[in-house]
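Take a look at the structure below.
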Amino acid sequence: MAVKLKDLAQMEDKLVAGHGMCLGCGIPLIFKMILRATEDPIVVANATGCLEVCTTIFPRTAWNCMWVHSAFENAAATAAGVEAMFKALKNKGKIPADKKIKFLAVGGDGGTYDIGIQSLSGAMERGHDIVYVCYDNNVYANTGGQRSSATPLGASATTSPAGSKSPGKVQKKKDLTKILVAHNIPYVAQASPHRWQDLYNKAKKAFEVEGPAFLNVLCLCPTEWKYDESQGIKLAQLAADTCAWPLYEVENGKYKINYKPKEKKPVLEWLKPQGRFRHLFKEENAWMLEAIQKEVDRDWEDLNKLAEISGA
Amino acid sequence: MKKETWKELPTGTVNIHAGNSVSNLTGTWRSGRRPEFIEKNCIQCFFCWLFCPHFAILVKDGKVTGINYDYCTGCGLCAEECPTKEKSIVMVKEEIKLAEGRKK
Ligand SMILES: Cc1ncc(C[n+]2csc(CCOP(=O)(O)OP(=O)(O)O)c2C)c(N)n1
Ligand code: SF4
Ligand code: SF4
Ligand code: SF4
Ligand SMILES: [Mg+2]
């Protein structure tokens, strides 16, 4: 199953140059891989957010495949509707019954963890044969950096700003991946663009399973995370090495951790290069740093237990 | 890019020109630095291709052959992730700003 980058590079791009995403943005890196993970035609339903806004400024589009706009809250419902329509067309004999088409819903963390969660939950529960990809950049980036329920503990965002009375966001990040696991769908996974092979394999599995699949992918955002954009891949590596963003998959309810760092690094190595966490390194916020480390440790332990129970 | 009028445009906010964003030259955003490809050091690992957010790594006949400055925004990810000891991509100072392309 080992795929070569050289071969992937020679496939046709379904997302092309000329999009308006920022310097060093992680979104194109994620979809460069995901859109290559199937040879079948893909229909993309895109919730608004950076990806949609930066790729479809009329009269231009950076999509070189079938693509449909969605409102902020209903990419999953749109994809489910398109999937049902193709099913009906097959039943009526208007398109060949063996024609293979993949349906991909994509949204940011705001569009997925927050406002889109009900349509996502509905589409997953109804069992539509769609793949939902959340690119989680931890913030409402497109509208200028408001906090979402995916914004990590302690991060400064425009609506959870750090200051003399505030250590940044005081709530812990919602664990959406586990919420999707609780839908008992065939495939759920967390991935990150720096481990491209893992991301590719997960997208491939997600496309291949019958029924709904969900991928939650950490998405670099130099603009809102405030770091030197050339360092993005190293930063994603640190998220995995500190276990702040573990890479794992849940296939038919069974947990498997796909990356275990040889030596788990202290979480501050992931926090330090990012301006959104800068305030945490002041003396008065030391308690928050400690709290973050504690949460990461506990989550990592829990995940390991779940993998153990699963026999992986 | 020629502006279409209501006579040519399909109804329903449909864009039938898949991938026509290529006329938007993001290379015009570049300011101050650009990557330079040094072929003799290159081991063809394709990491630069993989990690370029602006699809600006040129690939020809299965080989990385250089940088497409029409789209390269100068983010530096390619140079940073190029694994060869003697770098095959280096960031260099760039004096001129290519502002004209924006108007196309
Ligand atoms: C119902 C509704 N509320 C608000 C907006 C404005 N809006 C557009 S994109 C966006 C933020 C999207 O955040 P996220 O889903 O995380 O994607 P990102 O911008 O980070 O890529 C908001 C609030 C909207 N389009 N529709
Ligand atoms: S704001 Fe962040 S996610 Fe949005 S285009 Fe810029 S870097 Fe990408
Ligand atoms: S500097 Fe950035 S945009 Fe330019 S080729 Fe390298 S990775 Fe691509
Ligand atoms: S990353 Fe460096 S060595 Fe690898 S293909 Fe690109 S230029 Fe060549
Ligand atoms: Mg977001």
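Overview of values
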{"read-out": "Length added when fully stretched, A:Lys87-A:Lys4, from 0.36 nm per residue minus Cα-Cα", "value": "26.5 nm"}
{"read-out": "Share, in percent, of DSSP beta bridges within the protein assembly as shown that are antiparallel, nearest 5", "value": "45"}
{"read-out": "Residues of the stretch B:1-44 with amide N under 16 Å of a point placed 7 Å along Cα→Cβ from B:Lys93", "value": "B:31-36"}
{"read-out": "Hits among lysines - C-alpha to C-alpha of B:Lys87 under 21 Å, sequence gap 8 or more where chains match", "value": "A:Lys6, A:Lys234, B:Lys40, B:Lys60, B:Lys63"}
{"read-out": "Partners for A:Lys165 among aspartates and glutamates (Cα-Cα distance below 16 Å; same-chain residues under 8 apart left out)", "value": "A:Glu283, A:Glu284"}
{"read-out": "Estimated distance in nm for a label pair at B:Ile38 and A:Lys282, the labels positioned 7 Å out from Cα along Cα-to-Cβ", "value": "4.4"}
{"read-out": "Low-density loop cleavage sites - GluC sites (Glu not before Pro) in the stretch A:1-94, where at most 10 other Cβ are within 10 Å (DSSP)", "value": "A:Glu12, A:Glu39"}
{"read-out": "Where trypsin sites (Lys or Arg not before Pro) fall in DSSP loop in the stretch A:1-59, at most 13 other Cβ within 10 Å", "value": "A:Lys4"}
{"read-out": "Which of A:Leu289, A:Leu303 is most accessible, then next, and so on - probe 1.4 Å", "value": "A:Leu289, A:Leu303"}
{"read-out": "Amide N of the stretch A:64-82 lying under 14 Å from the label point, which is placed 7 angstrom from the Cα of A:Lys94 along Cα→Cβ", "value": "A:82"}
{"read-out": "Approximate spin-label separation A:Ser164-A:His69, in nm, with each point projected 7 Å along Cα-to-Cβ", "value": "4.6"}
{"read-out": "nm² value of the averaged projected area, convex hull over the Cα atoms of the protein assembly as shown", "value": "22.5"}
{"read-out": "Shape call, chain B: gyration tensor on alpha carbons, a/c limit 1.5", "value": "prolate"}
{"read-out": "Total charge dipole magnitude, the stretch A:1-108, about the Cα centre, Cβ charges on Lys, Arg, Asp, Glu only, Debye to nearest 20", "value": "300"}
{"read-out": "Nearby lysines by direct alpha-carbon distance to A:Lys174 (threshold 17 angstrom, same-chain neighbours under 8 apart not counted)", "value": "A:Lys294"}
{"read-out": "In Hz, Karplus ³J(HN,Hα) per residue of the stretch A:180-195 (6.51, -1.76, 1.60; θ = phi - 60°; x = Gly, Pro)", "value": "5, 4, 5, 7, 6, 8, x, 8, 9, 8, 10, 9, 8, x, 5, 9"}
{"read-out": "Candidates A:Lys204, A:Lys178, A:Lys165, ranked by Gaussian network fluctuation over chain A, Cα under 10 Å, top entry", "value": "A:Lys165"}
{"read-out": "Whole-percent carbon and sulfur share, accessible surface of the protein assembly as shown, 1.4 Å", "value": "54"}
{"read-out": "Shape call, the stretch A:1-113: gyration tensor on alpha carbons, a/c limit 1.5", "value": "oblate"}
{"read-out": "Unit charges on C-beta of K, R, D, E only; dipole of the stretch B:3-57, Debye", "value": "180"}
{"read-out": "Partnerless cysteines, meaning none of the other Cys C-beta atoms lie under 4.7 Å away, in chain B", "value": "B:Cys42, B:Cys45, B:Cys52, B:Cys72, B:Cys75, B:Cys82"}
{"read-out": "Taking chain A and dividing mean pair separation by its residue count, relative contact order in percent (alpha carbons under 8 Å, at least six apart)", "value": "16"}
{"read-out": "Helical contribution to [θ] at 222 nm, DSSP H n ≥ 4, -39,500 (n - 2.57), averaged over chain B, rounded to 500", "value": "-2000 deg cm²/dmol"}
{"read-out": "Expected 222 nm ellipticity per residue - DSSP helices of 4 or more, -39500 (n - 2.57), all of chain A, to 500", "value": "-10000 deg cm²/dmol"}
{"read-out": "Inter-part distance where the stretch A:228-285 and the stretch A:127-162 are each reduced to a Cα centre, Å", "value": "16"}
{"read-out": "Of the DSSP H helices in chain A, those whose Cα atoms cover at least 15 Å axially and whose Kyte score averages 0.5 or more", "value": "A:75-91"}
{"read-out": "Size of charge dipole - chain A - debye, nearest 20, with Cβ of Lys, Arg +1 and Asp, Glu -1, no other charges", "value": "240"}
{"read-out": "Residue with peak Gaussian network fluctuation, chain A [Cα springs, cutoff 10 Å], from A:Ala123, A:Ala236, A:Ala291", "value": "A:Ala291"}
{"read-out": "FRET efficiency for B:Ala18 and A:Lys260, using Cβ-Cβ distance with R0 set to 35 Å, rounded to 0.05", "value": "0.25"}
{"read-out": "Karplus-derived HN-Hα couplings along the stretch B:65-71 (A = 6.51, B = -1.76, C = 1.60, θ = phi - 60°), whole Hz, x at Gly and Pro", "value": "10, x, 10, 8, 6, 5, 10"}
{"read-out": "5 angstrom amide H check on A:Ala105, placed H, neighbours 5+ away", "value": "A:Ala45, A:Val131, A:Tyr132, A:Val133"}
{"read-out": "GNM result for chain A, Cα springs below 10 Å: residue of A:Ala77, A:Ala157, A:Ala182 fluctuating most strongly", "value": "A:Ala182"}
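The values are calculated or read from the model by the stated rules, or taken from the named source; none is laboratory data. Note that this is a predicted model, so its numbers are computed, not measured. Counting neighbours? That spans all protein chains shown, and the Cβs are built from the backbone with ideal geometry, glycine included. Heads up: the accessible areas ignore ligands, DNA and RNA and are worked out on the full protein's heavy atoms, side chains in. Shrake-Rupley method; radii C 1.70, N 1.55, O 1.52, S 1.80 Å.
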